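Take a look at the structure below.
The values are calculated or read from the model by the stated rules, or taken from the named source; none is laboratory data. Being a predicted model, the structure only gives us computed values, none of them experimental. A quick note on method: Cβ atoms are made from the backbone with ideal geometry, for glycine too, and the neighbour counts reach across all protein chains shown.
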Amino acid sequence: MAGFNPLAPDHLGPTACMGEILAEIVATTVGAGFAEPQPLIGPYSSGAPAIFIDQCGRMGGSAAMIGAVGDDDFGRMNTDRLARDGVDVSAIAIHSSLPTGTAFVRYQNDGCRDFVFNMWTSAAGSLSWTPAVEDVIARAGHLHVVGTSLGHDHIWQMIERAAPLIKARGGTVSLDPNQRKELMKDTDGRFAKMIAQTDLLLPSDDELFLAANGVPEMGEADAIHAIFAQGVCEIVLKRGDVGATCFQSDGTVTNAPAFIVKEVDPTGAGDCFGGAYVAARRLGISVADALTYACAAGARNVSMRGPMEGAGMRAQLNRFIADTPRGAL
């Protein structure tokens, strides 16, 4: 029916997200890779799940992060940032001997990015099910899953354990495929298993066809139909500088134009988009307005250097929406 919201309300409990928490360092030169010395800037708080949950908290949604950092400055930078932005950090473990994970990023001439990750051999890879994690999951109302975590065996086991527990108490699940070539591996059908538990899917570009077990030649409409047939209730397709489209299982389609900004750093834009959208929908905001907030969050973030430096409080996003021109639908 029109106006149906597939996500559990915010008052049921926080949106929980688990996975990597990183410090990001960015090359200031444009080119391919890190085969020779580069001038660098950073560190910035990062990690796709951390960026998502930070924007969720800044939007005013109840939010909790499950992860692990080292007992070092990079770890403290991240936990301090998340806590300051309203995120429950009680389930972030502090590892005594492994360092906080890192990501080095360099932009190519065509706008693509090369990453060098120290992720799963860092504190981020030590994540395990602890009493603190148990407590967060027991009171969570929603689980957001980022595709970068599906290839890690222990985190996948935690996701498999957490999702049914949250859904059993009336909670819901969202998934951002967020594919990175540097992190892709054989996930033994984990992506398909995750789709089967997902209420809200947040793909970009060809990730829509990945979720439909198809290829671009099948067409967008057929891919949407195939995904709904797997039980997904709402699909929000991120179209970059064109905007975004929400497809609902009742046939409702809502389009939102992009905000026009000068792109400085696109890393984290999709995660900020997702954090704003999930928080808005869980707070009872309509699809159209949630899409506007999400597009604003993504655009505001790309206009600043650093993967979550542009994540906006709701009041900041309101000002951004009022002051920033938009493209055509």
(request) Name the residue, out of Val278, Val264, that is more than 19 Å from Asp205 (Cβ to Cβ) and part of a loop (DSSP other than H, G, I, E, B). (result) Val264
(request) Looking at (1) within 20 Å of the chain's Cα centre (by Cα); (2) farther than 13 Å from Gly19 by Cβ; (3) aromatic (Phe, Trp, Tyr), find the lone condition where Trp129 falls short. (result) (1)
(request) From the list Asp110, Asp153, pick out the single residue that is more than 25 Å from Lys193 (Cα to Cα) and either of a type in the set (S, T, N, Q) or surrounded by fewer than 23 Cβ atoms within 10 Å (Cβ to Cβ) (or both). (result) Asp110
(message) Take Ser45 and tell me if it is surrounded by fewer than 24 Cβ atoms within 10 Å (Cβ to Cβ) and small (Gly, Ala, Ser).
(response) no
(request) Could you grab me the full set of residues in the stretch 66-94 that are outside any strand (DSSP E or B) and farther than 14 Å from Ala50 by Cα? (result) Asp71, Asp72, Asp73
(message) Please verify whether Ser97 is surrounded by fewer than 20 Cβ atoms within 10 Å (Cβ to Cβ) and in a loop (DSSP other than H, G, I, E, B), treating the condition exactly as stated.
(response) yes
(request) Just one of (1) part of a helix (DSSP H, G or I); (2) buried (at least 20 other Cβ atoms within 10 Å of the Cβ); (3) in contact with an Asp or Glu (Cβ under 9 Å, 6 or more places away or on another chain) trips up Ile224, so point out which. (result) (3)
(request) Write out, first by first residue and then by second, each pair whose Cβ atoms fall under 7 Å of each other, whose residues are 6+ apart or on separate chains, and whose first residue, in the stretch 279-307, is surrounded by fewer than 24 Cβ atoms within 10 Å (Cβ to Cβ) while the second is of a type in the set (Phe, Trp, Tyr) and at pLDDT 95 or above. (result) Gly306/Tyr44
(message) Condition check: modelled with pLDDT under 95, crowded, with 22+ Cβ neighbours inside 10 Å and of a type outside the set (Ser, Thr, Tyr). Does Gly274 satisfy that?
(response) no
